[in-house]
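A.B. asks: The structure is given below, and queries will be raised subsequently.
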Amino acid sequence: MRATLPRNLQVCLVICLAYWLTGFASLQLAVPPGYTAPAFPPAGIALSALLIFGLRTWPAVCLGSLLVQFSAAWPLLGTPGWSVLGPLIVPAGATLQAVAGALLARRLIAFPNALDTPRPVVLFLAVAAPLSSLISPSIAVPALVRAGIIPPAEAAFNWWTWWTGDTLGVLIAAPLMFVLAGRPAAAWRPRRLGVIVPLAVALVLLALAYRQVMHWEDLRIESQFARDAEHAADRMQRRLNVQLDVLLAIERLMAVGKEISRDDFKEYVTPWLQTHPGTQSLNWSPLVRHDDRAAFEARMRAERPEGFGILDRDTDGRTFPAAEHAEYLPSIYVEPLAANRSVIGLNPLSLAAAAEALEKTRTTGQPAATAALRLVQESGSQQGVMIYRAVRQPGTGNMLGVISTALRMDDVLAAATSGAVAAGIELCLADLGASGESARLSGTPGCQAPAWMDRAVTHRSRLTFAGRSWELRSRATPVYLDALRSWAAWATIAAGLLATGMLGALLLITTGSRRRITALVERRTAELEAIGARLHEEQEALADAQRIARLGSWETVSGREGLQASAVLYQLLGCDEADLATIDDLVLAVAPESRVFLGNAIASLSHMPGRMTLDCKVSGLPPRILQFRVESEWLADRLVRIRGTAQDVTSAREAQAQIQYLAHYDTLTGLPNRSAWQERARSSLHAAQRHGDALAVLFLDLDNFKTVNDSLGHPIGDRLLAAVARRLADCIRGEDLLARLGGDEFVALLPRLTHADDAAVVARKMIDALAESVHIDDHDLHLSVSIGIARFPDDGTEVDTLLKHADTAMYSAKEAGRNNYQFFAPEMNARATERLRMENDLRRAIERNELLLHYQPQIEAASGAPYGCEALVRWIHPERGLIPPDQFIPLAESTGLIVPLGEWVLREACRQQVAWRRAGLPDLVVAVNISALQFHKPDFVTKVSAVLAETGADPASIELEITESALMQPGEDLSARLLQLVDLGLTLALDDFGTGYSSLAYLKRLPITRLKIDRSFVDDLPGNAEDAAVTSAALSLARDLGMQVVAEGVETHAQHAYLTERGCHAMQGYLFSRPLTADAFAKWLAGFDACAHTPAPGTARPESVALA
């Protein structure tokens, strides 16, 4: 885990950063007035990452989306109305969309998938991508609307662009993600250049196209904005010009009019005030000299009940009685009066800005405007401008006064450019002749500064008015730009992105197809190279084979004329080129006995087309056989040439002969095998049937050969069989047939017998021939043979029947004591059937648990106390009752059933040992007999260990009695196996000592603890001198080897005394107890009296055969 965790974190970090960077960059291209981009590659990155690296990478998607949202919302953090709902809900929707898209893609397409065929590509990009992209906008857009980031009216538009942006993002980013990080890497790595380069070129071209389109869009917007700004400036200029026309009209009125009253003035100017918004007032100010001031003020007070006085004002708009001046221009007529009453009597010459404009109009006679100033009557924050025009007396040119108008500039500008403002154009009217705040005539504070025009889309328009230079500055607001923005540019980008996505899909298909084709070509190329290499090897092998095979070729030059031959042919025939000039020379080159056959073949092919193959001998040493293949070539019924090959097939023919020999003869003895014997027997039987002859079949089986083979080894056994075969072959006639069927079984066929008893004569000769021992190495081996005889036609008319009946008679000979012959009799079939039935019953007895164990006590000779027992198997047949061991043990050994039978005895004895131990009986050694066949099984030690583990028996209380014959094949394997048993904690005893062929030198190296003297040596003690000698020798040998001795079959006090006196350690037999059931043994043991253990002599009985 420590090795993979950093790798997983690294992958998640890369996914998160890629999502954040591409997402933040995409939002910079958001479609106004929306919140979404025309293409959102992070959607493709997220979906591909979950498909490539597994669903466990979803936190990286969530964190990346969260970073994108907070990066986009950073300027709004902390602002009124800002909500965290949007930045939190959007990552949840993006993560859920990626997970759902990955699950949908996996359901539609098995991932990992190479996406190299149209079907998976279409399913992924045209189905999984657009369907899964519905999730994020459906969750995020309502959340952003609720958070106030997206207006409700624009929700549908943003949902649509969000869905299309995510879909296009998957189409563009997914192919790039797969070729860069797809698995298996071997399926994607070769496709990287084929996908990345075209997509990169397409995206670069799309970026260039986007830049050009946006440049054209900007030019179009700037051009349109310039027109709209100039239109607004033109309207403003016309509005100002109208204001000057009004002043000119009033000036004419006042110049030519006689006694213009206040009412006349009001009636004249009121229509203009109503039609020209922004005009604060229209004023008439007569020129009053200081000398006339008092009279003027008095006259005005008479006309104005509210009072009148000439007033001055300061820069803050406060008025006060005018100081003494040479001249005054007090306003006496002001319209509309109600809003401008504070202007009555005001002398504009007291204000520097107004005085400057008055001086200019007085000098030039043209209207003159002041710089921006605060009007006395202004109650708001608008800037005002006063425009003055001097009124002169016609003819004399004397100045009568001034006509003036006050303009509220915000209202004037708004009235003149209302359409532009409504369209989203922000305006600023500046006085180029002024500085500071006074330069701003209308507009937001500070708009007169140069920075106000730093936006991308702005315009300047020059205005001239009343002797001053003004500038109307215009800049586009987002509202104006959004309204003017054309969808053509965004549609172009969306179409380009869609085409790029489709290009990505096409590239996946084409590169995948190319990869598969490349792989196929490479595989085919490799196969062709391999085929070519094999062909080359085969050609070389063929050339070598031809050299090795010594294949020579030849052909005539024309018809039968001339002869051309290869160098190998000269070598094969042992001649030179001069010796093979014609085809007749070729015939003479083979052995005389083969010339006629080769000449006939060539002659035949000289008269008709064809091909012939024949073997010819070649003279020389060693003699060889050449196989000639000859064919003739004809054209238009005319012989063209004769050609052929000659190959040395001597080894092949010898091999065929050897194969034939092996197929019909026994390699060990050189006798015919079963197949050859049956073939010959059928022929002889047919002849006997035709001629009415007698015929006999002898079936021979060697007695005790298995003991010799197991004890002395197979090499000696094989040599013994060969010697037996030679002796038996000397006992038959030349026309008779002896064969080996296998193992130690032979069969003899005696045809054309004069008398039926002649078969018995041959059988007796065979028995006598084997009576003499066979000397092999240092061993004098004694064998006997059991022979069964079946005669034709009395015992059968078929070979198989005669062989079967002879086999049956052979078994009868063995049952009769072996080393004899028996003629077949019909009742023998019944005995054979009975034997087969008993074999089947014994097999089922093991399966049905019809067996049980009896236990015969073993007594220590010195103390007379029991120290153990021997487990002896008994068979309780459900129909026949108790079957003696001497009837089923030999059968079990001959059929192999002794192995499962022995395993059952071992397991049951171990189980009983545990039961006695748990019952509180003294620890006793339980001896279990092990057959030679069971002991030699490869898994014997393993099975013994398993039985001990299964039953829980104490190995120290288990003794394995191994027959002497099982130990008579000395070697490392035998020693190792015995040591393994000792290592398990078991005790080993050598059973039936003295009946086999023990090697005493080897015996002393075996881990044997006890020797058991066979009962055959105890029966006649102490009277039989030979048995006494064998017994004494065995006791002496055991004492020298440090082994204990157990005597079997002790039935008399004399035997007991004899064995005790000579140091026998333990005994068992009917003198102490017969074999008992487990319960009876436990009771016997409980009531055992060491002082009175010997029964009366008359109660002893012979012991039954006891085998485990």
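Nothing in this text is a laboratory measurement; each read-out follows from the coordinates by a stated rule. Values in this document were obtained by computation on a predicted structure and should not be read as measured data. Counting neighbours? That spans all protein chains shown, and the Cβs are built from the backbone with ideal geometry, glycine included.
A.B. asks: Just to check I understand the Karplus step: with θ = phi - 60° and J = 6.51 cos²θ - 1.76 cosθ + 1.60, what whole-Hz values come out for segment 562-570, glycine and proline as x?
C.D. replies: Going residue by residue, I get x, 7, 10, 9, 7, 5, 5, 5, 4 Hz, with x marking Gly and Pro.
A.B. asks: If you don't mind, there's one more thing I want to ask. Based on the inverse mean of 1/r over its pairs of different Cα atoms, what is the Kirkwood hydrodynamic radius of segment 231-410, in Å?
C.D. replies: So the Kirkwood estimate lands at 16.5 Å.
A.B. asks: Can you give me the distance in nm between label points at Ala302 and Arg211, each placed 7 Å from the Cα along the Cα-to-Cβ direction?
C.D. replies: The two pseudo-label positions are separated by 8.5 nm.
A.B. asks: Ok, one more. Taking the highest mean first, how do the peptides 925-934, 514-523 order by number of other beta carbon atoms within 10 angstrom per residue?
C.D. replies: 925-934, 514-523
A.B. asks: At what distance in angstrom do the alpha carbon centres of segment 690-752 and segment 427-476 lie from each other?
C.D. replies: Computed from Cα coordinates, the inter-centre distance equals 138 Å.
A.B. asks: Per residue of segment 895-908, what does 6.51 cos²θ - 1.76 cosθ + 1.60 with θ = phi - 60° give for ³J(HN,Hα)? Whole Hz please, x for Gly and Pro, Karplus curve as stated.
C.D. replies: The phi angles translate into 9, x, 6, 5, 5, x, 5, x, 5, 5, 4, 4, 5, 5 Hz.
A.B. asks: Angle check, please: helix 799-815 long axis (alpha carbons) against the longest principal axis of the chain (alpha carbons), in degrees 0 to 90, nearest 10.
C.D. replies: 70
A.B. asks: Still on this structure: Under a point-charge model restricted to the Cβ atoms of Lys and Arg (+1) and Asp and Glu (-1), what is the dipole moment magnitude of segment 5-183 relative to its Cα centre, in debye to the nearest 20?
C.D. replies: Here the size comes out at about 440 debye.
A.B. asks: Can you give the FRET efficiency to the nearest 0.05 for Leu621 and Ala722, using r as the Cβ-Cβ distance and R₀ = 25 Å?
C.D. replies: With a Förster radius of 25 Å, E is 0.15.
A.B. asks: Taking R0 as 51 Å, what FRET efficiency do you get between Tyr661 and Met502 from their Cβ-Cβ distance, rounded to the nearest 0.05?
C.D. replies: The formula returns an efficiency of 0.05 here.
A.B. asks: A follow-up question, please. Using the alpha-carbon centroid of each, what span in Å lies between segment 126-190 and segment 1050-1076?
C.D. replies: 102
A.B. asks: Find which of Ile883, Val914, Gly902 sits farthest along the positive direction of the dipole of segment 877-920, computed with +1 on the beta-carbon of Lys and Arg, -1 on that of Asp and Glu, about the Cα centre.
C.D. replies: Val914
A.B. asks: Tell me which label goes with the value of percent of Cα pairs over 43 Å apart computed from the coordinates here: [x] 73; [y] 55; [z] 77.
C.D. replies: [x]
A.B. asks: Roughly how many nanometres apart are two label points built 7 Å out from the Cα toward the Cβ at Lys266 and Ser435?
C.D. replies: It works out to 4.6 nm between the two label points.
A.B. asks: If I stretch the segment between Ala862 and Gln28 completely, what's the gain in nm (0.36 nm per residue apart, minus their alpha carbon distance), one decimal?
C.D. replies: Extending this stretch completely gives an extra 289.0 nm.
A.B. asks: Listed highest first by mean packing, meaning other Cβ atoms within 10 Å per residue, what order do 145-153, 256-264 come in?
C.D. replies: In descending order of packing, they fall as 145-153, 256-264.
A.B. asks: Any chance you could give the angle, 0 to 90 degrees and rounded to 10, that helix 5-27 forms with the longest Cα principal axis of the chain?
C.D. replies: The angle comes out at about 30 degrees.
A.B. asks: Still on this structure, please answer the following. Name the shape class, rounded, prolate or oblate, that the alpha-carbon gyration tensor gives for segment 665-825, where a ≥ b ≥ c are the square roots of its eigenvalues, rounded holds for a/c under 1.5, and otherwise prolate holds if a/b is larger than b/c and oblate otherwise.
C.D. replies: Prolate, since a/c reaches 1.5 and a/b exceeds b/c.
A.B. asks: Roughly how big is segment 665-825's charge dipole about its Cα centre, with Cβ charges of +1 (Lys, Arg) and -1 (Asp, Glu), in debye to the nearest 20?
C.D. replies: 380
A.B. asks: Would you work out which of Ala372, Ala976, Ala760 lies farthest towards the positive end of the dipole of the chain? Charges go on Cβ: Lys and Arg +1, Asp and Glu -1.
C.D. replies: Highest projection toward the positive end goes to Ala372.
A.B. asks: Under the Karplus relation 6.51 cos²θ - 1.76 cosθ + 1.60, θ = phi - 60°, what is the ordered set of whole-Hz ³J(HN,Hα) values for segment 945-960, x standing for Gly and Pro?
C.D. replies: 4, 5, 5, 4, 5, 5, 8, x, 5, 7, x, 5, 9, 10, 10, 9
A.B. asks: With +1 assigned to the C-beta of every Lys and Arg and -1 to the C-beta of every Asp and Glu, and no other charges, what is the dipole magnitude of the chain about the Cα centre in debye, to the nearest 20?
C.D. replies: Charge dipole, the chain, about its Cα centre: 6440 debye, nearest 20.
A.B. asks: Starting from the Cα-Cα distance between Asp1019 and Arg119, subtract it from 0.36 nm times their residue separation and give me the gain in nm to one decimal.
C.D. replies: Extending this stretch completely gives an extra 314.5 nm.
A.B. asks: Contact order normalised by length for the chain, with contacts defined as Cα pairs under 8 Å and 6 or more residues apart; what percent is it?
C.D. replies: 6
A.B. asks: Measure up Lys266/Lys360; Lys814/Lys1083; Lys706/Lys1083 against 31 Å on the Cα-Cα distance and list the ones that go over.
C.D. replies: Lys814/Lys1083; Lys706/Lys1083
A.B. asks: Okay, moving on. Using Cα atoms only, what is the angle between the long axis of helix 592-607 and the major principal axis of the chain, expressed in degrees (0 to 90) to the nearest 10?
C.D. replies: So the inclination is approximately 50 degrees.
A.B. asks: Given points 7 Å out from each Cα along the Cα-Cβ axis, report the Lys258 to Ile531 separation in nanometres with one decimal.
C.D. replies: Going by the 7 Å Cα→Cβ label model, 13.1 nm.
A.B. asks: What does the charge add up to near Leu753, with Lys and Arg as +1, Asp and Glu as -1, over the other residues with Cβ less than 11 Å from its Cβ?
C.D. replies: -2
A.B. asks: Could you calculate the contour length gain from Arg318 to Arg638, that is, 0.36 nm times the residue separation minus the distance between their Cα atoms, to one decimal place in nm?
C.D. replies: Full extension from Arg318 to Arg638 adds 100.3 nm.
A.B. asks: Report the local net charge at Leu273: Lys and Arg +1, Asp and Glu -1, summed over other residues whose C-beta lies under 11 Å from its C-beta.
C.D. replies: Residues near Leu273 contribute 0 overall.
A.B. asks: As I understand it, the dipole of the chain uses +1 on the Cβ of Lys and Arg and -1 on the Cβ of Asp and Glu, about the Cα centre. Which of Leu351, Gly1049, Leu47 lies farthest toward its positive end?
C.D. replies: Leu351
A.B. asks: Determine the sum of side-chain charges near Asp431: Lys and Arg each +1, Asp and Glu each -1, restricted to other residues whose C-beta is under 11 angstrom from that of Asp431.
C.D. replies: Computed value for this residue: 0.
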